Amino acid sequence: MTPVTSGAAPAAWEDLVTAALLGTDRRRPPVRARDGDPAAGLLDAAAAHTLRRRAGMRPAPAAPLPHRAAPDDRPPLPPAAVHRLAMLLADRPGTGSGGRRGSAPDLLELLPQWLRTANAQGYAAPPHLLPALLDAARARTDLRRQVLTFAGPRALWLARLNPDWKFALRAAPGGGALLPSPEDGARVRRLWEEGLFAERVALLAMVRRHDPAAARDLLATTWSTERAEDRLMFLDSLRTGLRADDEPFLEQALADRSRNVRAVAAELLSALPGSALAARMADRAAACLSLERTDGEPTIAVEAPHACDAAMERDGITPKPPAGRGERSWWLGQLMEAAPLAAWVGRFGGRSPEEIVALPVADEWAGELHAAWCRAAVRQVDAAWARALLGTPAAPGTGGPGGASLAERAKLLSVLAAEERAAWVAGFIEAHGLSEAFQLLGGCPAPWEERLGRSVVDALNIARDAGGYPWSFSGVMGLAERCLDPSAGGRLEGLAAVPDDAENASPGAGAYWAEAFQRLLSTLRLRAAMHAELTAPGEPMR
(Lines give C-alpha, C1' and ligand atoms only; values in the text may rest on other atoms or scores of the structure.)
Protein backbone atom coordinates (compact mmCIF):
# COMPACT_ATOMS: atom_id res chain seq x y z
CA MET A 1 0.00 0.00 0.00
CA THR A 2 1.25 3.43 -0.77
CA PRO A 3 0.03 6.71 0.76
CA VAL A 4 -1.72 9.24 -1.42
CA THR A 5 0.01 12.58 -1.58
CA SER A 6 -2.27 15.04 0.10
CA GLY A 7 -2.24 18.63 1.14
CA ALA A 8 -0.56 19.95 4.27
CA ALA A 9 -1.51 17.91 7.30
CA PRO A 10 -2.63 19.65 10.47
CA ALA A 11 0.36 18.05 12.20
CA ALA A 12 3.12 15.86 10.90
CA TRP A 13 2.70 12.23 11.96
CA GLU A 14 6.29 12.03 13.13
CA ASP A 15 5.74 15.01 15.45
CA LEU A 16 2.69 13.36 16.97
CA VAL A 17 4.63 10.14 17.56
CA THR A 18 7.51 12.01 19.17
CA ALA A 19 5.14 13.85 21.52
CA ALA A 20 3.42 10.58 22.42
CA LEU A 21 6.73 8.89 23.22
CA LEU A 22 8.17 11.72 25.26
CA GLY A 23 4.94 12.78 26.91
CA THR A 24 3.02 15.98 26.44
CA ASP A 25 4.70 17.51 29.51
CA ARG A 26 8.10 17.31 27.83
CA ARG A 27 7.11 17.80 24.22
CA ARG A 28 4.06 19.87 23.49
CA PRO A 29 2.24 18.40 20.52
CA PRO A 30 1.74 20.64 17.48
CA VAL A 31 -2.04 20.58 17.89
CA ARG A 32 -4.66 22.62 19.65
CA ALA A 33 -5.37 21.38 23.18
CA ARG A 34 -8.91 20.19 23.85
CA ASP A 35 -10.37 21.77 26.95
CA GLY A 36 -6.87 22.82 27.88
CA ASP A 37 -5.62 19.21 27.85
CA PRO A 38 -2.75 18.74 25.35
CA ALA A 39 -2.94 14.93 25.74
CA ALA A 40 -6.56 14.87 24.60
CA GLY A 41 -5.64 17.12 21.71
CA LEU A 42 -2.83 14.72 20.80
CA LEU A 43 -5.18 11.73 20.77
CA ASP A 44 -7.75 13.59 18.66
CA ALA A 45 -5.08 14.56 16.16
CA ALA A 46 -3.66 11.04 16.06
CA ALA A 47 -7.12 9.53 15.44
CA ALA A 48 -7.85 12.00 12.66
CA HIS A 49 -4.44 11.55 11.16
CA THR A 50 -4.77 7.74 11.23
CA LEU A 51 -8.15 7.85 9.56
CA ARG A 52 -6.85 10.17 6.90
CA ARG A 53 -3.82 7.94 6.22
CA ARG A 54 -5.98 4.84 5.85
CA ALA A 55 -8.50 6.57 3.64
CA GLY A 56 -5.75 7.89 1.45
CA MET A 57 -4.14 4.53 0.72
CA ARG A 58 -4.65 2.69 -2.52
CA PRO A 59 -3.62 -0.83 -3.52
CA ALA A 60 -0.09 -1.32 -4.75
CA PRO A 61 0.35 -2.96 -8.14
CA ALA A 62 -0.28 -6.69 -7.97
CA ALA A 63 2.76 -8.95 -7.87
CA PRO A 64 3.37 -10.90 -11.05
CA LEU A 65 1.83 -14.34 -11.16
CA PRO A 66 4.24 -17.27 -10.64
CA HIS A 67 5.28 -19.11 -13.73
CA ARG A 68 3.45 -22.30 -14.58
CA ALA A 69 4.62 -25.55 -13.06
CA ALA A 70 6.47 -27.95 -15.31
CA PRO A 71 4.19 -30.61 -16.78
CA ASP A 72 4.12 -34.09 -15.28
CA ASP A 73 3.67 -36.55 -18.11
CA ARG A 74 3.43 -39.66 -15.95
CA PRO A 75 0.11 -41.58 -15.95
CA PRO A 76 -2.41 -40.59 -13.25
CA LEU A 77 -3.14 -42.81 -10.27
CA PRO A 78 -6.11 -45.17 -10.48
CA PRO A 79 -9.10 -43.72 -8.56
CA ALA A 80 -8.96 -46.41 -5.87
CA ALA A 81 -5.29 -45.64 -5.25
CA VAL A 82 -6.05 -41.90 -5.00
CA HIS A 83 -8.62 -42.64 -2.31
CA ARG A 84 -6.17 -44.92 -0.52
CA LEU A 85 -3.42 -42.32 -0.55
CA ALA A 86 -5.77 -39.69 0.88
CA MET A 87 -6.64 -42.12 3.67
CA LEU A 88 -2.99 -42.82 4.46
CA LEU A 89 -2.12 -39.13 4.52
CA ALA A 90 -5.09 -38.31 6.75
CA ASP A 91 -3.64 -40.61 9.40
CA ARG A 92 -0.70 -38.28 10.00
CA PRO A 93 0.08 -37.37 13.65
CA GLY A 94 -1.97 -34.42 14.78
CA THR A 95 -4.83 -35.14 12.40
CA GLY A 96 -7.05 -36.42 15.17
CA SER A 97 -6.58 -40.18 14.89
CA GLY A 98 -3.88 -40.60 17.54
CA GLY A 99 -4.10 -42.61 20.72
CA ARG A 100 -4.30 -46.35 21.22
CA ARG A 101 -4.88 -48.15 17.97
CA GLY A 102 -6.19 -51.45 19.29
CA SER A 103 -6.55 -53.76 16.31
CA ALA A 104 -6.55 -50.91 13.74
CA PRO A 105 -3.58 -50.80 11.32
CA ASP A 106 -1.01 -48.05 11.65
CA LEU A 107 -1.68 -46.38 8.32
CA LEU A 108 1.24 -43.96 8.49
CA GLU A 109 3.67 -46.88 8.67
CA LEU A 110 2.24 -48.19 5.40
CA LEU A 111 2.88 -44.95 3.53
CA PRO A 112 6.53 -45.79 2.65
CA GLN A 113 5.46 -49.08 1.09
CA TRP A 114 2.65 -47.39 -0.82
CA LEU A 115 5.05 -44.74 -2.16
CA ARG A 116 7.63 -47.36 -3.14
CA THR A 117 5.07 -49.33 -5.13
CA ALA A 118 3.58 -46.21 -6.75
CA ASN A 119 7.04 -45.01 -7.79
CA ALA A 120 7.90 -48.44 -9.19
CA GLN A 121 4.78 -48.21 -11.35
CA GLY A 122 5.67 -44.68 -12.49
CA TYR A 123 2.45 -42.94 -11.46
CA ALA A 124 2.08 -39.17 -11.10
CA ALA A 125 0.84 -37.69 -7.84
CA PRO A 126 -2.70 -36.24 -7.72
CA PRO A 127 -2.25 -32.43 -7.69
CA HIS A 128 -4.75 -31.89 -4.85
CA LEU A 129 -2.74 -34.21 -2.55
CA LEU A 130 0.63 -32.52 -3.15
CA PRO A 131 0.34 -30.23 -0.08
CA ALA A 132 -0.45 -33.19 2.18
CA LEU A 133 2.44 -35.16 0.69
CA LEU A 134 4.86 -32.30 1.30
CA ASP A 135 3.60 -31.90 4.85
CA ALA A 136 4.16 -35.62 5.45
CA ALA A 137 7.68 -35.40 4.06
CA ARG A 138 8.37 -32.34 6.19
CA ALA A 139 7.40 -34.29 9.30
CA ARG A 140 9.33 -37.48 8.40
CA THR A 141 12.73 -37.25 6.79
CA ASP A 142 12.65 -40.96 5.92
CA LEU A 143 9.76 -40.28 3.54
CA ARG A 144 11.37 -37.43 1.63
CA ARG A 145 13.13 -39.31 -1.12
CA GLN A 146 10.08 -41.39 -2.03
CA VAL A 147 7.69 -38.44 -1.65
CA LEU A 148 9.75 -36.14 -3.85
CA THR A 149 10.11 -38.83 -6.50
CA PHE A 150 6.37 -39.42 -6.49
CA ALA A 151 5.36 -35.75 -6.23
CA GLY A 152 7.52 -34.83 -9.23
CA PRO A 153 8.22 -31.34 -10.61
CA ARG A 154 5.00 -29.82 -9.29
CA ALA A 155 6.14 -30.41 -5.72
CA LEU A 156 9.30 -28.40 -6.35
CA TRP A 157 7.19 -25.67 -7.93
CA LEU A 158 5.05 -25.54 -4.79
CA ALA A 159 8.08 -25.66 -2.53
CA ARG A 160 9.40 -22.44 -4.06
CA LEU A 161 6.18 -20.70 -2.99
CA ASN A 162 5.97 -21.93 0.61
CA PRO A 163 8.86 -21.53 3.08
CA ASP A 164 7.59 -24.55 5.05
CA TRP A 165 8.49 -26.79 2.12
CA LYS A 166 11.96 -25.45 1.38
CA PHE A 167 13.39 -28.79 2.52
CA ALA A 168 12.14 -30.19 -0.78
CA LEU A 169 14.52 -27.93 -2.72
CA ARG A 170 17.44 -29.09 -0.59
CA ALA A 171 16.48 -32.76 -0.68
CA ALA A 172 15.72 -32.96 -4.39
CA PRO A 173 18.58 -34.06 -6.62
CA GLY A 174 20.51 -31.00 -7.66
CA GLY A 175 18.78 -28.84 -5.06
CA GLY A 176 15.70 -28.71 -7.23
CA ALA A 177 17.61 -27.84 -10.38
CA LEU A 178 17.50 -30.01 -13.45
CA LEU A 179 20.74 -31.90 -13.94
CA PRO A 180 22.17 -32.16 -17.44
CA SER A 181 22.60 -35.46 -19.16
CA PRO A 182 25.87 -37.11 -18.07
CA GLU A 183 26.78 -37.32 -21.74
CA ASP A 184 26.45 -33.55 -22.24
CA GLY A 185 30.06 -32.75 -21.38
CA ALA A 186 29.81 -28.97 -21.82
CA ARG A 187 26.79 -28.56 -19.53
CA VAL A 188 28.24 -31.00 -16.98
CA ARG A 189 31.49 -29.01 -16.80
CA ARG A 190 29.63 -25.71 -16.58
CA LEU A 191 27.44 -26.89 -13.69
CA TRP A 192 30.44 -28.45 -11.96
CA GLU A 193 32.38 -25.19 -12.14
CA GLU A 194 29.51 -22.77 -11.48
CA GLY A 195 26.86 -24.74 -9.57
CA LEU A 196 25.92 -24.61 -5.91
CA PHE A 197 27.35 -27.24 -3.57
CA ALA A 198 24.17 -29.38 -3.51
CA GLU A 199 24.00 -29.25 -7.30
CA ARG A 200 27.64 -30.31 -7.60
CA VAL A 201 27.22 -33.21 -5.16
CA ALA A 202 24.18 -34.44 -7.08
CA LEU A 203 25.97 -33.95 -10.40
CA LEU A 204 29.05 -35.88 -9.29
CA ALA A 205 26.94 -38.75 -7.97
CA MET A 206 24.97 -38.91 -11.21
CA VAL A 207 28.08 -38.92 -13.38
CA ARG A 208 29.72 -41.51 -11.10
CA ARG A 209 26.77 -43.87 -11.55
CA HIS A 210 26.93 -43.41 -15.32
CA ASP A 211 30.71 -43.39 -15.86
CA PRO A 212 32.94 -43.83 -12.75
CA ALA A 213 36.11 -42.73 -14.52
CA ALA A 214 34.46 -39.58 -15.93
CA ALA A 215 33.31 -38.59 -12.44
CA ARG A 216 36.79 -39.06 -11.01
CA ASP A 217 38.31 -37.01 -13.83
CA LEU A 218 35.72 -34.28 -13.28
CA LEU A 219 36.59 -34.13 -9.59
CA ALA A 220 40.30 -33.98 -10.38
CA THR A 221 39.84 -30.79 -12.43
CA THR A 222 38.98 -28.73 -9.33
CA TRP A 223 40.35 -30.90 -6.51
CA SER A 224 43.17 -28.56 -5.49
CA THR A 225 40.85 -25.55 -5.18
CA GLU A 226 38.04 -27.19 -3.20
CA ARG A 227 37.46 -26.57 0.50
CA ALA A 228 38.37 -29.43 2.86
CA GLU A 229 34.76 -30.18 3.81
CA ASP A 230 33.78 -30.21 0.15
CA ARG A 231 36.71 -32.48 -0.76
CA LEU A 232 35.54 -34.90 1.93
CA MET A 233 32.01 -35.03 0.54
CA PHE A 234 33.16 -35.34 -3.06
CA LEU A 235 35.68 -38.06 -2.22
CA ASP A 236 33.03 -40.05 -0.40
CA SER A 237 31.02 -40.18 -3.61
CA LEU A 238 33.73 -42.42 -5.10
CA ARG A 239 32.42 -45.32 -2.99
CA THR A 240 29.93 -45.83 -5.79
CA GLY A 241 31.59 -47.88 -8.47
CA LEU A 242 34.96 -48.03 -6.66
CA ARG A 243 37.48 -49.61 -9.01
CA ALA A 244 41.17 -50.32 -9.39
CA ASP A 245 41.89 -47.33 -11.63
CA ASP A 246 40.74 -45.01 -8.81
CA GLU A 247 43.91 -45.94 -6.93
CA PRO A 248 46.27 -43.18 -8.26
CA PHE A 249 43.77 -40.47 -7.38
CA LEU A 250 43.16 -41.95 -3.92
CA GLU A 251 46.89 -42.36 -3.28
CA GLN A 252 47.29 -38.68 -4.06
CA ALA A 253 44.52 -37.90 -1.57
CA LEU A 254 46.52 -39.69 1.14
CA ALA A 255 48.74 -36.58 1.21
CA ASP A 256 45.79 -34.22 1.63
CA ARG A 257 45.97 -31.41 4.18
CA SER A 258 42.78 -32.63 5.85
CA ARG A 259 43.02 -35.63 8.17
CA ASN A 260 39.40 -36.56 7.44
CA VAL A 261 40.07 -36.58 3.72
CA ARG A 262 43.14 -38.76 4.26
CA ALA A 263 41.09 -41.18 6.39
CA VAL A 264 38.41 -41.59 3.71
CA ALA A 265 41.04 -42.08 1.01
CA ALA A 266 42.73 -44.77 3.11
CA GLU A 267 39.42 -46.51 3.76
CA LEU A 268 38.60 -46.57 0.05
CA LEU A 269 42.07 -47.85 -0.84
CA SER A 270 41.80 -50.63 1.72
CA ALA A 271 38.59 -51.73 0.01
CA LEU A 272 40.68 -52.33 -3.15
CA PRO A 273 42.45 -55.62 -2.35
CA GLY A 274 45.05 -55.07 -5.08
CA SER A 275 46.04 -51.55 -4.04
CA ALA A 276 49.49 -50.62 -2.77
CA LEU A 277 47.96 -49.45 0.51
CA ALA A 278 46.27 -52.83 0.98
CA ALA A 279 49.64 -54.51 0.39
CA ARG A 280 51.34 -52.25 2.95
CA MET A 281 48.59 -52.99 5.45
CA ALA A 282 48.87 -56.71 4.73
CA ASP A 283 52.60 -56.60 5.51
CA ARG A 284 52.03 -54.72 8.76
CA ALA A 285 49.17 -57.01 9.80
CA ALA A 286 51.15 -60.13 8.94
CA ALA A 287 53.91 -58.99 11.30
CA CYS A 288 51.36 -58.97 14.13
CA LEU A 289 49.97 -62.50 13.71
CA SER A 290 51.73 -65.82 13.60
CA LEU A 291 50.68 -69.44 13.84
CA GLU A 292 52.23 -71.28 16.77
CA ARG A 293 51.56 -74.55 18.55
CA THR A 294 50.27 -74.57 22.08
CA ASP A 295 49.96 -78.03 23.64
CA GLY A 296 50.22 -79.42 20.14
CA GLU A 297 47.30 -77.33 18.86
CA PRO A 298 47.74 -74.60 16.24
CA THR A 299 47.11 -71.21 17.85
CA ILE A 300 47.19 -67.66 16.56
CA ALA A 301 49.75 -65.62 18.46
CA VAL A 302 49.28 -61.84 18.47
CA GLU A 303 51.96 -59.19 18.78
CA ALA A 304 50.19 -55.84 18.58
CA PRO A 305 52.13 -52.83 17.20
CA HIS A 306 54.29 -50.99 19.75
CA ALA A 307 54.11 -47.65 17.92
CA CYS A 308 52.19 -45.81 15.22
CA ASP A 309 54.82 -44.34 12.90
CA ALA A 310 54.37 -41.61 10.30
CA ALA A 311 53.92 -44.10 7.46
CA MET A 312 51.08 -45.84 9.31
CA GLU A 313 49.47 -42.49 10.04
CA ARG A 314 49.70 -41.51 6.36
CA ASP A 315 47.95 -44.77 5.48
CA GLY A 316 44.97 -43.84 7.63
CA ILE A 317 45.87 -45.26 11.06
CA THR A 318 44.59 -42.90 13.76
CA PRO A 319 47.31 -42.70 16.42
CA LYS A 320 45.25 -41.55 19.39
CA PRO A 321 42.78 -44.11 20.71
CA PRO A 322 39.37 -43.18 22.13
CA ALA A 323 39.00 -42.90 25.88
CA GLY A 324 39.27 -46.21 27.67
CA ARG A 325 40.99 -47.98 24.80
CA GLY A 326 44.64 -49.12 24.85
CA GLU A 327 46.92 -47.81 22.11
CA ARG A 328 48.21 -51.18 20.98
CA SER A 329 44.80 -52.80 20.66
CA TRP A 330 43.54 -49.66 18.87
CA TRP A 331 46.35 -49.81 16.31
CA LEU A 332 45.97 -53.57 15.89
CA GLY A 333 42.25 -53.27 15.20
CA GLN A 334 42.81 -50.65 12.51
CA LEU A 335 45.55 -52.68 10.84
CA MET A 336 43.45 -55.85 10.74
CA GLU A 337 40.44 -53.95 9.45
CA ALA A 338 42.41 -52.45 6.55
CA ALA A 339 44.42 -55.56 5.60
CA PRO A 340 43.05 -57.74 2.74
CA LEU A 341 41.29 -60.76 4.23
CA ALA A 342 42.36 -62.95 1.32
CA ALA A 343 45.97 -62.69 2.51
CA TRP A 344 45.23 -64.68 5.68
CA VAL A 345 44.46 -67.87 3.76
CA GLY A 346 48.05 -68.04 2.55
CA ARG A 347 49.40 -66.78 5.86
CA PHE A 348 47.74 -69.66 7.74
CA GLY A 349 48.71 -72.57 5.54
CA GLY A 350 45.83 -72.53 3.06
CA ARG A 351 43.15 -72.80 5.72
CA SER A 352 39.67 -71.63 4.77
CA PRO A 353 38.12 -68.58 6.47
CA GLU A 354 35.99 -70.93 8.65
CA GLU A 355 39.12 -72.82 9.77
CA ILE A 356 41.01 -69.60 10.48
CA VAL A 357 38.19 -68.10 12.54
CA ALA A 358 37.95 -71.38 14.48
CA LEU A 359 41.63 -71.24 15.51
CA PRO A 360 42.21 -70.39 19.18
CA VAL A 361 43.81 -66.99 19.75
CA ALA A 362 46.41 -66.55 22.47
CA ASP A 363 46.40 -64.01 25.28
CA GLU A 364 42.73 -63.05 25.02
CA TRP A 365 43.16 -61.21 21.71
CA ALA A 366 40.31 -63.17 20.08
CA GLY A 367 37.63 -60.53 20.64
CA GLU A 368 39.77 -57.71 19.24
CA LEU A 369 40.93 -59.78 16.27
CA HIS A 370 37.51 -61.14 15.30
CA ALA A 371 35.84 -57.74 15.67
CA ALA A 372 38.42 -56.26 13.28
CA TRP A 373 37.87 -59.11 10.82
CA CYS A 374 34.11 -58.42 10.99
CA ARG A 375 34.70 -54.79 10.03
CA ALA A 376 37.07 -55.89 7.26
CA ALA A 377 34.52 -58.36 5.85
CA VAL A 378 31.91 -55.58 5.67
CA ARG A 379 34.33 -53.04 4.18
CA GLN A 380 35.65 -55.50 1.61
CA VAL A 381 32.18 -57.03 0.99
CA ASP A 382 33.70 -60.50 1.48
CA ALA A 383 30.83 -63.00 1.72
CA ALA A 384 33.10 -65.99 2.51
CA TRP A 385 34.58 -64.28 5.55
CA ALA A 386 31.15 -62.94 6.56
CA ARG A 387 29.80 -66.52 6.60
CA ALA A 388 32.79 -67.71 8.60
CA LEU A 389 32.41 -64.99 11.20
CA LEU A 390 28.65 -65.41 11.42
CA GLY A 391 28.95 -69.15 11.97
CA THR A 392 25.80 -71.23 12.01
CA PRO A 393 22.54 -69.56 13.10
CA ALA A 394 22.32 -71.92 16.07
CA ALA A 395 25.80 -70.98 17.36
CA PRO A 396 25.58 -69.70 20.93
CA GLY A 397 27.76 -66.68 20.23
CA THR A 398 30.55 -67.27 22.70
CA GLY A 399 33.78 -66.94 20.72
CA GLY A 400 35.04 -68.49 17.49
CA PRO A 401 32.66 -68.80 14.52
CA GLY A 402 29.36 -67.20 15.41
CA GLY A 403 30.95 -65.30 18.29
CA ALA A 404 30.26 -61.90 16.79
CA SER A 405 28.03 -59.50 18.65
CA LEU A 406 24.48 -58.89 17.52
CA ALA A 407 25.43 -55.55 15.95
CA GLU A 408 28.36 -57.19 14.14
CA ARG A 409 26.11 -59.99 12.90
CA ALA A 410 23.64 -57.46 11.49
CA LYS A 411 26.47 -55.81 9.54
CA LEU A 412 27.90 -59.14 8.36
CA LEU A 413 24.48 -60.20 7.11
CA SER A 414 24.38 -57.12 4.88
CA VAL A 415 27.23 -58.66 2.87
CA LEU A 416 25.21 -61.77 2.02
CA ALA A 417 22.62 -62.07 -0.74
CA ALA A 418 19.04 -61.37 0.32
CA GLU A 419 17.90 -64.99 0.18
CA GLU A 420 20.89 -66.26 2.17
CA ARG A 421 20.42 -63.45 4.68
CA ALA A 422 16.76 -64.33 5.20
CA ALA A 423 17.54 -68.03 5.59
CA TRP A 424 20.23 -67.31 8.21
CA VAL A 425 17.91 -65.06 10.24
CA ALA A 426 15.13 -67.64 10.02
CA GLY A 427 17.52 -70.25 11.41
CA PHE A 428 18.57 -67.84 14.16
CA ILE A 429 14.93 -67.30 15.22
CA GLU A 430 14.21 -71.03 15.14
CA ALA A 431 17.18 -71.60 17.46
CA HIS A 432 17.03 -68.58 19.75
CA GLY A 433 13.52 -67.11 19.48
CA LEU A 434 12.69 -63.46 18.94
CA SER A 435 14.25 -61.79 21.95
CA GLU A 436 17.38 -60.70 20.00
CA ALA A 437 16.03 -60.94 16.46
CA PHE A 438 14.70 -57.40 15.94
CA GLN A 439 18.00 -55.93 14.73
CA LEU A 440 18.62 -58.87 12.40
CA LEU A 441 15.09 -58.78 10.96
CA GLY A 442 15.52 -55.10 10.14
CA GLY A 443 18.17 -55.99 7.56
CA CYS A 444 15.99 -58.48 5.67
CA PRO A 445 14.21 -57.15 2.58
CA ALA A 446 10.43 -57.02 2.49
CA PRO A 447 8.35 -58.99 1.91
CA TRP A 448 10.03 -61.67 3.99
CA GLU A 449 10.89 -64.99 2.45
CA GLU A 450 8.38 -67.75 3.21
CA ARG A 451 10.62 -69.56 5.72
CA LEU A 452 11.50 -66.34 7.53
CA GLY A 453 7.86 -65.30 7.79
CA ARG A 454 6.90 -68.73 9.08
CA SER A 455 9.64 -68.69 11.72
CA VAL A 456 8.52 -65.25 12.96
CA VAL A 457 4.85 -66.30 13.23
CA ASP A 458 5.81 -69.54 14.98
CA ALA A 459 8.03 -67.66 17.43
CA LEU A 460 5.25 -65.16 18.17
CA ASN A 461 2.88 -68.05 18.81
CA ILE A 462 5.40 -69.60 21.22
CA ALA A 463 5.81 -66.26 22.98
CA ARG A 464 2.04 -65.99 23.39
CA ASP A 465 1.82 -69.49 24.82
CA ALA A 466 4.50 -68.55 27.37
CA GLY A 467 1.85 -66.39 29.05
CA GLY A 468 3.51 -62.96 28.97
CA TYR A 469 2.19 -59.76 27.44
CA PRO A 470 2.92 -58.86 23.79
CA TRP A 471 4.59 -55.54 24.69
CA SER A 472 8.04 -57.12 24.69
CA PHE A 473 7.57 -58.06 21.04
CA SER A 474 5.98 -54.84 19.82
CA GLY A 475 9.03 -54.05 17.67
CA VAL A 476 8.94 -57.42 15.92
CA MET A 477 5.17 -57.19 15.58
CA GLY A 478 5.54 -53.79 13.92
CA LEU A 479 8.13 -55.18 11.50
CA ALA A 480 5.84 -58.12 10.73
CA GLU A 481 3.02 -55.71 9.87
CA ARG A 482 5.25 -54.03 7.29
CA CYS A 483 7.32 -56.99 6.05
CA LEU A 484 5.34 -60.22 6.39
CA ASP A 485 4.02 -61.45 3.06
CA PRO A 486 0.22 -60.99 3.00
CA SER A 487 -0.07 -64.58 1.80
CA ALA A 488 0.90 -65.61 5.35
CA GLY A 489 -2.35 -64.17 6.66
CA GLY A 490 -4.06 -67.56 6.58
CA ARG A 491 -1.78 -68.81 9.37
CA LEU A 492 -2.86 -65.89 11.55
CA GLU A 493 -6.60 -66.58 11.45
CA GLY A 494 -6.49 -68.95 14.40
CA LEU A 495 -4.14 -66.74 16.40
CA ALA A 496 -6.47 -63.73 16.12
CA ALA A 497 -9.14 -65.43 18.26
CA VAL A 498 -9.21 -64.62 21.99
CA PRO A 499 -8.03 -67.73 23.87
CA ASP A 500 -8.79 -68.75 27.42
CA ASP A 501 -6.05 -67.48 29.69
CA ALA A 502 -3.70 -70.27 30.69
CA GLU A 503 -3.19 -70.95 34.38
CA ASN A 504 0.26 -69.37 34.51
CA ALA A 505 -0.49 -66.54 32.07
CA SER A 506 -0.49 -62.86 32.97
CA PRO A 507 -4.02 -61.47 33.52
CA GLY A 508 -5.65 -60.58 30.21
CA ALA A 509 -2.56 -61.53 28.19
CA GLY A 510 -4.54 -63.72 25.79
CA ALA A 511 -6.85 -60.85 24.84
CA TYR A 512 -3.94 -58.48 24.24
CA TRP A 513 -2.20 -61.09 22.07
CA ALA A 514 -5.41 -61.63 20.09
CA GLU A 515 -5.69 -57.89 19.54
CA ALA A 516 -2.09 -57.75 18.32
CA PHE A 517 -2.65 -60.63 15.89
CA GLN A 518 -5.90 -59.01 14.68
CA ARG A 519 -3.98 -55.82 13.92
CA LEU A 520 -1.31 -57.82 12.10
CA LEU A 521 -3.95 -59.66 10.08
CA SER A 522 -5.90 -56.51 9.15
CA THR A 523 -2.64 -54.78 8.17
CA LEU A 524 -1.70 -57.64 5.86
CA ARG A 525 -5.12 -57.47 4.21
CA LEU A 526 -4.74 -53.73 3.78
CA ARG A 527 -1.29 -54.13 2.22
CA ALA A 528 -2.69 -56.71 -0.19
CA ALA A 529 -5.45 -54.29 -1.19
CA MET A 530 -2.92 -51.46 -1.65
CA HIS A 531 -0.80 -53.66 -3.90
CA ALA A 532 -3.80 -54.70 -5.99
CA GLU A 533 -4.84 -51.06 -6.49
CA LEU A 534 -1.40 -50.07 -7.79
CA THR A 535 -0.24 -53.06 -9.84
CA ALA A 536 -1.39 -55.39 -12.53
CA PRO A 537 -3.00 -58.68 -11.41
CA GLY A 538 -0.41 -61.29 -10.45
CA GLU A 539 2.49 -58.88 -10.12
CA PRO A 540 4.64 -59.94 -7.12
CA MET A 541 4.94 -57.64 -4.12
CA ARG A 542 8.29 -55.90 -3.71
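The values are calculated or read from the model by the stated rules, or taken from the named source; none is laboratory data. Because the structure is predicted, anything quoted here is derived from the model rather than measured. As a convention, Cβ positions derive from the backbone with ideal geometry for all residues, glycine included, and neighbour counts pool all protein chains shown. With ligands, DNA and RNA removed, areas are computed over all heavy atoms of the protein, side chains included. Shrake-Rupley method; radii C 1.70, N 1.55, O 1.52, S 1.80 Å.
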query: Can you find a residue in segment 526-537 that is of a type outside the set (Val, Ile, Thr), in a helix (DSSP H, G or I) and out of contact with any helix residue (DSSP H, G or I) (no Cβ under 8 Å at 6 or more places or on another chain)?
result: yes
field: segment 113-130, residues that are among the aromatic types (Phe, Trp, Tyr) and open to solvent by 20 Å² or more (accessible area, probe 1.4 Å)
entry: 123
query: Can residue 110 be described as hydrophobic (A, V, I, L, M, F, W, C), modelled with pLDDT under 90 and outside any loop (DSSP other than H, G, I, E, B)?
result: no
- prompt: Within segment 305-362, which residues are among the charged types (D, E, K, R) and in a helix (DSSP H, G or I)?
  reply: 313, 314, 327, 328, 337, 347, 354, 355
message: Taking the criterion of being surrounded by 15 or more Cβ atoms within 10 Å (Cβ to Cβ), under 27 Å from the mean Cα position of the chain (by Cα) and not in a loop (DSSP other than H, G, I, E, B), would at least one residue in segment 492-514 satisfy it?
response: no
task: Determine if segment 434-457 includes at least one residue that is open to solvent by less than 30 Å² (accessible area, probe 1.4 Å), in a helix (DSSP H, G or I) and farther than 21 Å from residue 419 by Cβ.
output: no
- prompt: So which of 89, 133, 148, 110 is surrounded by 12 or more Cβ atoms within 10 Å (Cβ to Cβ) and under 17 Å from residue 535 (Cβ atoms)?
  reply: 110
statement: When segment 25-37 is checked residue by residue, the ones that are within 12 Å of residue 13 (Cα to Cα) and open to solvent by 30 Å² or more (accessible area, probe 1.4 Å) are 30, 31
message: Name the single residue that is farthest from residue 344 (Cα to Cα) among those in segment 244-278 being touching a residue at least 60 places away in the same chain (Cβ under 8 Å) and either among the aromatic types (Phe, Trp, Tyr) or open to solvent by 40 Å² or more (accessible area, probe 1.4 Å) (or both).
response: 267
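Let's see how each residue does on (1) open to solvent by 60 Å² or more (accessible area, probe 1.4 Å); (2) of a type in the set (Phe, Trp, Tyr); (3) in contact with a strand residue (DSSP E or B) (Cβ under 9 Å, 6 or more places away or on another chain); (4) at pLDDT 85 or above:
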| position | (1), (2), (3), (4) |
| --- | --- |
| 10 | yes, no, no, no |
| 19 | no, no, no, yes |
| 22 | yes, no, no, yes |
| 39 | no, no, no, yes |
| 43 | yes, no, yes, yes |
| 52 | yes, no, no, no |
message: It is to be established whether one or more residues within segment 408-417 are touching a helix residue (DSSP H, G or I) at 6+ places or on another chain (Cβ under 8 Å), in a helix (DSSP H, G or I) and surrounded by fewer than 16 Cβ atoms within 10 Å (Cβ to Cβ).
response: no
field: Given (1) surrounded by fewer than 20 Cβ atoms within 10 Å (Cβ to Cβ); (2) under 23 Å from residue 265 (Cβ atoms), index of the condition residue 373 fails
entry: (1)
message: Please count how many residues of segment 279-305 are of a type in the set (A, V, I, L, M, F, W, C), loosely packed, with under 15 Cβ neighbours inside 10 Å and under 11 Å from residue 339 (Cα atoms).
response: 1
message: Give all pairs with beta carbons closer than 9 Å in which a residue from segment 306-322 that is over 19 Å from residue 276 (Cα atoms) and among the basic types (Lys, Arg) meets a residue that is open to solvent by less than 60 Å² (accessible area, probe 1.4 Å) and not in a loop (DSSP other than H, G, I, E, B); count only pairs at least 6 apart in sequence or on separate chains.
response: 320/330
- prompt: In segment 289-348, what count of residues is obtained for those that are in contact with a helix residue (DSSP H, G or I) (Cβ under 8 Å, 6 or more places away or on another chain) and at positive phi?
  reply: 1
field: Residues located in segment 463-491, provided they are among the small types (Gly, Ala, Ser) and either closer than 24 Å to residue 540 by Cβ or more than 35 Å from the chain's Cα centre (by Cα) (or both)
entry: 466, 467, 478, 480, 487, 488, 489, 490
message: Among the residues that make up segment 320-327, is at least one of them open to solvent by 20 Å² or more (accessible area, probe 1.4 Å), within 33 Å of the chain's Cα centre (by Cα) and farther than 16 Å from residue 368 by Cβ?
response: yes
field: Positions within segment 54-85 being open to solvent by 40 Å² or more (accessible area, probe 1.4 Å), among the aliphatic types (A, V, I, L, M) and within 27 Å of residue 525 (Cβ to Cβ), in sequence order
entry: 80
- prompt: Got at least one residue in segment 281-300 being under 29 Å from the mean Cα position of the chain (by Cα) and more than 23 Å from residue 223 (Cβ to Cβ)?
  reply: no
query: What single numbered condition from (1) open to solvent by 40 Å² or more (accessible area, probe 1.4 Å); (2) touching a residue at least 40 places away in the same chain (Cβ under 8 Å) fails to hold for residue 385?
result: (1)
